[in-house]
Structure formats: structure tokens, C-alpha cells
Amino acid sequence: MALLLCVGLRAWCAGQSQPAAKAGERERARARAEALGKYAGRYELEGRVIPVTALDVTAEGGELWVKPTNAKKRRLLRRTRSTFTDEVEGTRVRFGFDEDGRAVTLTFRYGGEEFTAARVELPPPSLSGNTTFRLEGHADAQVVALAGSFNDWNQSQLLFAREGDGWVCRLDLDPGVYTYKFVVDGNWLLDPSNPSTQEDEAGNVNNVLEVKPPG
């Protein structure tokens with residue numbers, strides 16, 4: 001009788017501890033996600049001195065990922081609070097923090113040199129203006145932007161919004177001729193709906209748009 005009572009008590013205790021253990025796991029996962037969220041965001045390199053002009057850092061599945069311009073997304077393997085290793089390049093990535101513990105800079109290596117990108121706050125999508133740009137598909141994209149001669153090729157200023165099965169961006173442009181490209185999660189793309197293109201002095205092929213005077 002005593003043995004049966006003991007076995008029953010152990011089973012009851014085990015059953016009681018499972019919800020508590022699961023709650024503890026959820027709390028640890030929440031805390032981990034909150035901590036990684038302080039690194040997440042877009043980091044931009046001022047000027048176009050190297051091909052990597054922006055890096056998008058995301059927290060997914062309890063891990064930190066980085067997506068450099070025109071490169072594949074890869075994990076950042078944690079070494080210390082501020083230092084990670086790029087799992088593809090094997091190079092060190094270092095974050096700088098503000099007084100609230102939020103990452104504000106990202107230092108990385110490219111071509112044997114170190115470069116520091118500053119965190120930028122992305123604005124709301126640009127949805128008003130006399131000129132409309134559309135991009136179909138790319139349902140899995142996170143950030144779609146418009147960059148061109150009208151905004152000094154800034155890839156973090158004019159954002160698209162999802163609309164139907166694609167993306168749309170609107171802005172006011174004065175009459176004139178402009179060159180531009182779309183930027184989908186850091187990858188520069190030609191506008192598939194505009195066959196008019198032009199090569200710049202650096203050999204980059206861009207779309208050409210002519211905005212005509214009204215009337």
C-alpha cells in the first residue's frame with residue numbers, strides 16, 4: 001500500500017511540474033527574443049565606398065541573422081554580448097550600444113578592412129505622389145525600397161507597401177528624366193515592368209523614367 005502511494009505521489013508531482021517547466025521555457029524564450037530584438041534593424045554605411053551599403057539584422061528562431069547588400073542571409077554566431085561571427089565569412093561582427101543597451105552601430109570586415117554602419121530608422125511606406133512604382137510578387141520580402149537619382153540612391157528612404165499580390169510606392173517627381181532601381185531585402189533589382197534602361201559610369205544598369213509635364 002505504501003509503495004503504491006509513493007508511486008502515485010511521484011506521478012502526481014511529475015504531472016504538476018510539467019506546466020511549470022513549460023512556463024519557464026516560454027519565459028526564457030521570451031527573454032531571449034527580447035534581448036536579440038535590441039540588435040535587430042537596418043544598419044547603413046554612409047556613401048557607396050564598397051558594394052555592401054546596408055545590412056539588415058533580424059532575430060528569428062532564437063538566433064540572430066544578417067543580410068548584407070546583394071548577399072545571402074546568414075547567421076551571426078554569438079561570442080560575447082557585442083561580438084558575433086559571420087557563419088559564412090568567418091569574420092567578426094561587432095555591435096556598439098547606446099546607454100539603453102540598444103545596438104546602434106555594426107562593425108564588419110570587407111576586403112580585409114573594417115567598416116562601421118550606423119543603425120537607421122526606416123520610415124513608413126511612401127504612398128502619396130504623382131508617380132507610382134509597382135513590383136509584382138516577392139511575397140516573402142521584408143523590406144522593399146525605391147532608390148534612384150531623385151533621392152541620391154538612398155535605399156532606406158522610400159519604402160513600398162504591400163498591395164494585392166505585390167508592392168507599391170508613390171512619390172512626387174518634377175518633370176525630368178530619372179534613373180532608379182528597386183531594392184528587395186538588400187538586393188538591387190531592375191523594374192521588370194520598365195524595359196528602358198541605361199548604364200552608368202560605374203557599369204551599373206539602371207531603369208530610366210521620364211516624367212512629362214502635365215497637360
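Before moving on, here are some points about what is shown:
- Among residues of the range 129-145 that are over 18 Å from Asn187 (Cβ atoms), those with a beta-carbon under 8 Å from a residue that is part of a loop (DSSP other than H, G, I, E, B) and not charged (D, E, K, R) at least six positions away or on a different chain give the pairs Gly129/Leu173; Asn130/Leu173; Thr131/Leu173.
- Per the conditions (1) assigned to a loop (DSSP other than H, G, I, E, B); (2) at pLDDT 95 or above; (3) within 20 Å of Asn70 (Cβ to Cβ), the sole criterion not satisfied by Gln142 is (2).
- Matching residues, the range 149-191, being within 27 Å of Arg74 (Cβ to Cβ), at pLDDT 95 or above and part of a loop (DSSP other than H, G, I, E, B): Phe160, Leu190
- Check on Ala103, touching a residue at least 24 places away in the same chain (Cβ under 8 Å) and under 16 Å from Lys38 (Cα atoms): yes
The values are calculated or read from the model by the stated rules, or taken from the named source; none is laboratory data. Since we're looking at a predicted model, the values are computed, not measured. For neighbour counting, all protein chains shown are included, and Cβ atoms are generated from backbone atoms with ideal geometry for every residue, glycine included.
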